[in-house]
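Participant: Input: one structure, supplied below.
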Amino acid sequence: MARRVEVKNPLITTLNYVTNFGYAPLSPLEIIMGIEEDVSNDREFVADIIKVQQMFNQTIGQRWSFHTLAQRGVNVPKPPLPVVRVNYSPSLENIARGVYRQFFPYIRKTFQSNLLYVVTKSTYGNGIFTPTSVLRSN
C-alpha cells in the first residue's frame, strides 16, 4: 500500500476578489496538499514536508500573504490590500486547481511522488481539486 502525507501551508490575511461576486475574505486560508509516494520511491519519506512548505512560502506564500487575489483584467474596486493577479477567478475551487497545476511538476520531479489533491480551507468552507485521472484510479 502506498504511503501518503498531507502538507499544510497557512496563509495570513489574504482576500480574494471573485469575478462576478466581489470580495471574499480568506483569512485564515490554509492550503493542504495530499502527496502519495510513487511505487518506485524507496526514500525514507514520501515527501520532505518542510521542503514542500519552504517552496510554497518562497513562491505562493510570499506573493499572496497580505494581498488581494484577483483575476487578470478584472477591475478591483478600492482594494484594501495590494492586488496580486492570477489567471483565474480566485474562488476556493479555482485556487486549489491553480496550486495543483503549479506544484504537481515540482512534487513529481523533487520527490518522485504524486500530488493527489489540493484543498483550500477557509473559515467559510473548502475548495478541493483532484484531477479526474486520480479519481478513476482509486
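The values are calculated or read from the model by the stated rules, or taken from the named source; none is laboratory data. These numbers come from a predicted model, not from an experiment. We place every Cβ from the backbone using ideal geometry, glycine too, and count neighbours over all the protein chains shown.
Participant: So, ASN114, is that one of a type in the set (S, T, N, Q) and surrounded by 13 or more Cβ atoms within 10 Å (Cβ to Cβ) or not?
Facilitator: Spelling it out, ASN114 is indeed of a type in the set (S, T, N, Q) and surrounded by 13 or more Cβ atoms within 10 Å (Cβ to Cβ).
Residue by residue, here is whether (1) modelled with pLDDT under 90; (2) out of contact with any helix residue (DSSP H, G or I) (no Cβ under 9 Å at 6 or more places or on another chain); (3) of a type in the set (Lys, Arg) holds:
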residue: ILE31; (1), (2), (3): no, no, no
residue: ARG43; (1), (2), (3): yes, no, yes
residue: GLN53; (1), (2), (3): no, no, no
residue: THR120; (1), (2), (3): no, no, no
residue: SER133; (1), (2), (3): yes, yes, no
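Participant: How many residues are of a type in the set (D, E, K, R) and buried (at least 17 other Cβ atoms within 10 Å of the Cβ) if we restrict to the range 94-106?
Facilitator: The total comes to 1.
Participant: So LYS109 ticks every box in (1) more than 14 Å from the chain's Cα centre (by Cα); (2) in a helix (DSSP H, G or I); (3) surrounded by 14 or more Cβ atoms within 10 Å (Cβ to Cβ) but one. Which box is left unticked?
Facilitator: Of (1) more than 14 Å from the chain's Cα centre (by Cα); (2) in a helix (DSSP H, G or I); (3) surrounded by 14 or more Cβ atoms within 10 Å (Cβ to Cβ), only one is false for LYS109: (3).
Participant: Quick one: would you say TYR23 is surrounded by 14 or more Cβ atoms within 10 Å (Cβ to Cβ), touching a helix residue (DSSP H, G or I) at 6+ places or on another chain (Cβ under 8 Å) and of a type in the set (Phe, Trp, Tyr)?
Facilitator: no
Participant: Touching an Asp or Glu at 6+ places or on another chain (Cβ under 6 Å), touching a residue at least 12 places away in the same chain (Cβ under 8 Å), over 18 Å from PHE129 (Cβ atoms) and small (Gly, Ala, Ser): does that describe ALA70?
Facilitator: no
Participant: Hey, another quick one. Within the range 77-84, can one find any residue that is in a strand (DSSP E or B) and either aliphatic (A, V, I, L, M) or modelled with pLDDT of 90 or more (or both)?
Facilitator: yes
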